[in-house]
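Student: Just dropping this structure here.
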Amino acid sequence: AIMSTSKNLEERRKALENVFFERENEKLLARLREEKEHTAQRQALFEVTKIQDEEVLDHLLEVGIRAETWLAISIFPLVEVAWADRVVHDEQREAIMNAAESHGIKPGSHARELLEEWLTIRPDPKVRMVWMEYIEAVSKVLSGAAREAMREETLELSRNVAKATGSFLGFGHLVSDVEAQVLEDLERAF
């Protein structure tokens, strides 16, 4: 009986070990899959942005920017201006969607979904920090003329969003103080 109990305990111990190692292997495989996926996403993002700084690429990935959504980051300053006064107005939304369309962000795309999410729920402040890193990294790979063109286009589109709702008695377009501050911040980013 002792022999049989001992054998039974040994079998149970082995069964428990097998279950334990099976679970550990599943965790390890899941972690390896995640790492492989992250590396693939970083590579895809590099290919569309040409940003070589892995830390910047990782930060972009952290806030949800993927190769298929990276176009949305170019429109992000417009979102910042729209949220400056804590409310995105219909006119601002329309101006942003028109700009998005002209930048190749088509309805139904992942970039469009991300942009619509940003216009519905104010983006985490981390996104702004990542955008600043993105601009710094892009500035390193663009020529002076290309960087200046990007800066001018971004600021012009951002001003248009700021002016979209600010009129006084139907005359002119006023930019609120908070919108003006965001525009200044954006200009300094370049």
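Student: Kindly list the number of the only condition in (1) open to solvent by 60 Å² or more (accessible area, probe 1.4 Å); (2) over 17 Å from the mean Cα position of the chain (by Cα); (3) among the polar types (S, T, N, Q) that fails for Gln92.
Tutor: (1)
Student: Regarding Ser139, is this residue hydroxyl-bearing (Ser, Thr, Tyr) and surrounded by fewer than 20 Cβ atoms within 10 Å (Cβ to Cβ)? First the steps, then the outcome.
Tutor: On the way: hydroxyl-bearing (Ser, Thr, Tyr): yes; surrounded by fewer than 20 Cβ atoms within 10 Å (Cβ to Cβ): yes.
Yes.
Student: Mind counting the residues in segment 14-34 that are of a type outside the set (S, T, N, Q) and either touching a Gly at 6+ places or on another chain (Cβ under 8 Å) or open to solvent by less than 100 Å² (accessible area, probe 1.4 Å) (or both)? Lay out the reasoning, then the answer.
Tutor: Narrowing segment 14-34 to residues of a type outside the set (S, T, N, Q): 14-17, 19-24, 26-34.
Subset that is either touching a Gly at 6+ places or on another chain (Cβ under 8 Å) or open to solvent by less than 100 Å² (accessible area, probe 1.4 Å) (or both): 15, 17, 19, 24, 28-30, 32.
So the count comes out to 8.
Student: hydroxyl-bearing (Ser, Thr, Tyr) and modelled with pLDDT under 90: is that true of Thr69 in this structure?
Tutor: It is true that Thr69 is hydroxyl-bearing (Ser, Thr, Tyr) and modelled with pLDDT under 90.
Student: Given the conditions (1) within 17 Å of Val138 (Cβ to Cβ); (2) exposed (fewer than 10 other Cβ atoms within 10 Å of the Cβ), report the number of the one that Thr5 does not fulfil.
Tutor: (1)
Student: Just checking, how many residues over segment 148-173 are modelled with pLDDT under 80 and surrounded by 14 or more Cβ atoms within 10 Å (Cβ to Cβ)? First the steps, then the outcome.
Tutor: Taking segment 148-173 as the starting set, the residues that turn out to be modelled with pLDDT under 80 are 165-173.
Those left that are additionally surrounded by 14 or more Cβ atoms within 10 Å (Cβ to Cβ): 165-166.
Result for segment 148-173: 2.
The values are calculated or read from the model by the stated rules, or taken from the named source; none is laboratory data. Keep in mind the model is a prediction, meaning the values are calculated, not measured. Please note: Cβ atoms are built from the backbone with ideal geometry, for glycine as well, and neighbour counts cover all protein chains shown. For the accessible areas, the whole protein counts, side chains as well, though only heavy atoms, and no ligand, DNA or RNA atoms are used. Shrake-Rupley method; radii C 1.70, N 1.55, O 1.52, S 1.80 Å.
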